[in-house]
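Structure first, then comments.
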Amino acid sequence: MAITRFLTGITPSGTPHLGNYAGMMRPAIAATHNPQVENFYFLADYHALIKTQEPERVNRSTLEIAASWLACGLDPDKVTFYRQSDVPEIPELTWLLTCVTGKGLLNRAHAYKAAQDKNQEAGRDLDDGVNAGLFMYPVLMAADILMFNAHKVPVGRDQVQHLEMARDIAASFNHLYGEHFTLPEAAIEENVATLAGLDGRKMSKSYDNTIPLFAPRAQLQKLIATIVTDSRTPGEPKEVEGSALFQIYQAFATAEETIAMRQAYAEGIAWGEAKQLLFERIDRELAPMRARYEELMAHPAQVEAALVAGGERARALSHPFIERLRAAVGLRSVAAKVEKKGKAKESAQLPSFKQYREKDGKFYFKFVAADGRLLLQSTGFDAPREAGQAIARLQHEAGALQALQAQLQPAEGVAPETITAALALSGASSSDK
Ligand code: TRP
């Protein structure tokens, strides 16, 4: 059974708020319970540098966001949860991709164009204040996704163009160097709440109308008291349509609770009372997570350990993969023999490892020949990292085939020499280091 790999990044440039929670974190964590899906969630800290040059802010936000995800129930054993900058293969891949990306493609990116439009309106030079990181952003994001051959990328609408670019970039690379990358697709959650903020507009950092996810109880209550309402007096029936308060309530309440609130509006509940109900409802959901969050924030070493472990798991995949990609583009030992001619063919014909997860929750890999023939099939590993390490040993260690015998089943009718020869080719880039 095929496993779908989901991957998404969160840029650590601020403090998570209720809108992030209801719109992204809560559904993303719920999605990790689906056994058909393998999830990669990461802190996109290289991306944060595009937006902010305040080191303390990047660092603090990384801690807050990682602690928030863990406090909200993300299980780092189930999800590959890592920090982008712990995976040095990502910036390396960024460069390989940069060199197959048309500059014109990047000129058309919305984020870059928006910055230019702003300058034009203000009568400034078009590139005034625009760093090259903003320009290169879509390539870095493509590297994030392609590094792990993700199938689906849950993102907001504003990111759809970046996904199209990632596909374009992947297709260019595949065309030049062989089929290395899966073409990723955006997964847009249609019925996920965009939460209203304090002023009734969408809750967003840029509108300064947010409620921090783990604001202490008293602050939460105070902030909720400032949500805009109309001037209807107690006893006057109230409209749910366009009511930020109702909309936020709905995002936290069950269907029955929502019906009851709708009824209370019709019956003229006082705004003060409705705010108290909203406060209690949100606090009921958040209080246990807030306690865990405060615990983690008091022990940042625990958060760091979770991120480091996740980074190692990610690298068990990214490291062997970048080696293959380096070889494919010609960055490889000058002493290694490559028999085949023609650049596209040569890399397309390398034997390769395919990793996947089965219904039983275990992690497997198979090793397939250039022509698609199965050469080796692994037994189940408890963690993707173990599978990744076995692959790395097979590629780089003489005798690994023998040593790992218990975890491997050679395919029927395949001679051991065929496997050994194929292994040497698949690890060709580093075989004589
Ligand atoms: N650019 C995304 C945002 O601002 C964050 C991000 C970075 C991302 N890399 C990614 C999202 C890869 C999905 C996949 O929201």
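The values are calculated or read from the model by the stated rules, or taken from the named source; none is laboratory data. Since the model is a prediction, treat every value here as computed from it, not as a measurement. Heads up, the Cβs are rebuilt from the backbone with ideal geometry, glycines too, and the neighbour counts pull from every protein chain shown. What goes into the accessible areas is simple: the full protein's heavy atoms, side chains included, and nothing from ligands, DNA or RNA. Shrake-Rupley method; radii C 1.70, N 1.55, O 1.52, S 1.80 Å.
Per-structure values
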item: Compactness index (Cα Rg / 2.2 N^0.38 Å), region 214-292; result: 1.09
item: Spacing of the two label points (7 Å from each Cα toward its C-beta) at Ala132 and Lys78, in nm; result: 4.3
item: Two-decimal Rg to Rh for region 342-425 - Kirkwood Rh, Cα set; result: 0.97
item: Top positive-direction residue, dipole computed over the chain with Cβ charges, set Ile90, Tyr21, Ser352; result: Ser352
item: Globularity ratio of the chain, using Cα Rg and 2.2 N^0.38 Å; result: 1.14
item: Cα lying deepest toward the dipole's positive end in region 342-425, options Leu401, Thr420, Ala383, charges on Cβ; result: Ala383
item: The chain, helix-only ellipticity at 222 nm - DSSP H runs n ≥ 4, -39,500 (n - 2.57), divided by all residues, nearest 500; result: -15500 deg cm²/dmol
item: Simple label model, 7 Å out from Cα along Cβ direction - Asn59 to Val329, nm; result: 3.2
item: Candidates Val240, Val308, Val87: whichever shows maximal mean-square fluctuation once the chain is modelled as a Gaussian network with Cα springs under 10 Å; result: Val240
item: Net dipole in debye of region 195-307 [+1 Lys, Arg Cβ; -1 Asp, Glu Cβ; about Cα centre; nearest 20]; result: 200
item: Whole-Å distance, taken between Cα centres, linking region 27-45 and region 132-199; result: 16
item: Given Lys205/Lys238; Lys78/Lys359; Lys118/Lys205; Lys202/Lys222, the pairs whose alpha carbons are separated by over 22 Å; result: Lys205/Lys238
item: Paramagnetic label zone (point 7 Å from Cα along Cα-to-C-beta, Thr233; backbone N under 16 Å) in region 246-287; result: 268-272
item: Percent accessible area from carbon and sulfur atoms, the chain, protein chains only, probe 1.4 Å; result: 53
item: Rounded to the nearest 20 debye, dipole of the chain from Cβ charges on Lys, Arg, Asp, Glu; result: 880
item: Gln402 paired with Thr4, simple spin-label distance in nm, labels 7 Å along Cα-to-beta-carbon; result: 4.5
item: Per residue solvent-accessible surface (Å²) - region 342-425, probe of 1.4 Å; result: 53
